[in-house]
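Worksheet: the structure to be examined is printed underneath.
Any read-out appearing in this document is the output of simple, stated calculations on the displayed coordinates, not a laboratory observation. Just so it is clear, the structure is predicted and the values come from calculations on it, not from any experiment. Every residue, glycine as well, gets a Cβ built from its backbone with ideal geometry; the counts of neighbours run over all protein chains shown.
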Amino acid sequence: KGDVQATVNGGVTADISGDVNATIGGGVTASVGGGVNMTVSGDVNATSPTFNLTGDLNVIGQATISKSLGVGQGITTGTGGGAGNMVVNGSATYTGSVTAQGDVVGSGTSLHSHIHSDPQGGNTSPPL
C-alpha cells in the first residue's frame with residue numbers, strides 16, 4: 001500500500017497474455033510526446049457525462065449519431081473542396097435562410113426552370 005513512482009530512462013515493453021483491469025480512484029493524466037496508435041480487435045467503449053476533444057477529428061468509416069447533433073460552425077461535405085452529398089431521412093427545419101448554388105427540386109419540380117399555367121392562356125416563362 002502507498003504510492004508507487006517509477007522513472008524509466010528508455011523504453012518500456014509489456015507483453016500481457018491475459019486481461020488488464022484497473023480501478024482508479026482519482027483522475028488519469030497522460031502527456032505523450034509522440035503519436036498514439038492502437039489496434040483493437042473488439043469494440044472500444046467509453047462512458048462519460050461529457051467527452052471533449054480538442055483538435056480536428058477525422059473519421060474514416062461511417063459515423064452513427066444516436067441523439068441530436070449540435071453544430072457550431074456549419075457543415076461542409078466532401079474533402080478538399082470536392083463535392084459531397086448529404087441525405088436527410090426525415091424532415092428538416094431551417095430557422096435561417098437557405099442558399100443553393102445549384103437548382104432546388106421539390107417533388108420533381110425545379111425551382112429554377114418551373115413554369116405555371118397562365119390564366120390568360122398558355123404557360124408562363126421560367127423564373128429569371
Q. Once the principal axes of the Cα atoms of the range 1-66 are found, what is the range along each, listed largest first in whole angstroms?
A. 43, 29, 27
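Calculate the translational D of the chain in whole µm² s⁻¹ from Stokes-Einstein, where the hydrodynamic radius comes from the Kirkwood formula applied to all Cα pairs, the temperature is 20 °C and the viscosity 1.002 mPa s.
Details: Rh = 22.8 Å.
For these conditions, the coefficient is 94 µm²/s.
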Q: Towards the positive end of the charge dipole of the chain, with charges on Cβ (+1 Lys, Arg; -1 Asp, Glu), say which of ILE24, ILE60, ILE115 has the farthest Cα.
A: ILE24
Q) With each label point set 7 Å from Cα along the Cα-Cβ vector, what nm distance links HIS114 and ALA6? A) 6.9
Q. Simple spin-label model, 7 Å along Cα-to-Cβ: THR124 to LEU69 in nm?
A. 3.6
Q) From the backbone phi of the range 44-61, what are the Karplus-calculated ³J(HN,Hα) couplings (6.51 cos²θ - 1.76 cosθ + 1.60, θ = phi - 60°) in whole Hz, Gly and Pro given as x? A) 10, 10, 9, 10, 7, x, 9, 10, 9, 10, 10, x, 6, 10, 10, 10, 9, x
Q) Residue-wise, which Karplus ³J(HN,Hα) couplings in Hz belong to the range 111-118, taking 6.51 cos²θ - 1.76 cosθ + 1.60, θ = phi - 60°, and x for glycine or proline? A) 5, 6, 10, 6, 10, 10, 6, 8
**Q.** Computed lengthening from SER107 to PHE51, 0.36 nm per intervening residue step minus Cα-Cα distance
**A.** 16.1 nm
Q: May I ask you to derive the relative contact order of the chain, considering only C-alpha pairs under 8 Å and at least 6 residues apart, and to give it as an integer percent?
A: 7
Q.
If you average the C-alpha positions of the range 100-115 and of the range 1-55 separately, how far apart do those two centres end up, in angstrom?
A. 54
Q.
Quick check for me: using +1 on Lys/Arg Cβ and -1 on Asp/Glu Cβ, what's the dipole size of the chain about its Cα centre, in debye to the nearest 20?
A. 180
**Q.** From phi via Karplus (6.51, -1.76, 1.60), per-residue ³J(HN,Hα) for the range 12-25 in Hz, x at Gly/Pro
**A.** 10, 10, 10, 10, 10, 8, x, 7, 10, 10, 9, 10, 10, x
Q: Pop the C-beta distance of THR93 and THR13 into the FRET formula with R0 = 41 Å and round what comes out to the nearest 0.05.
A: 0.15
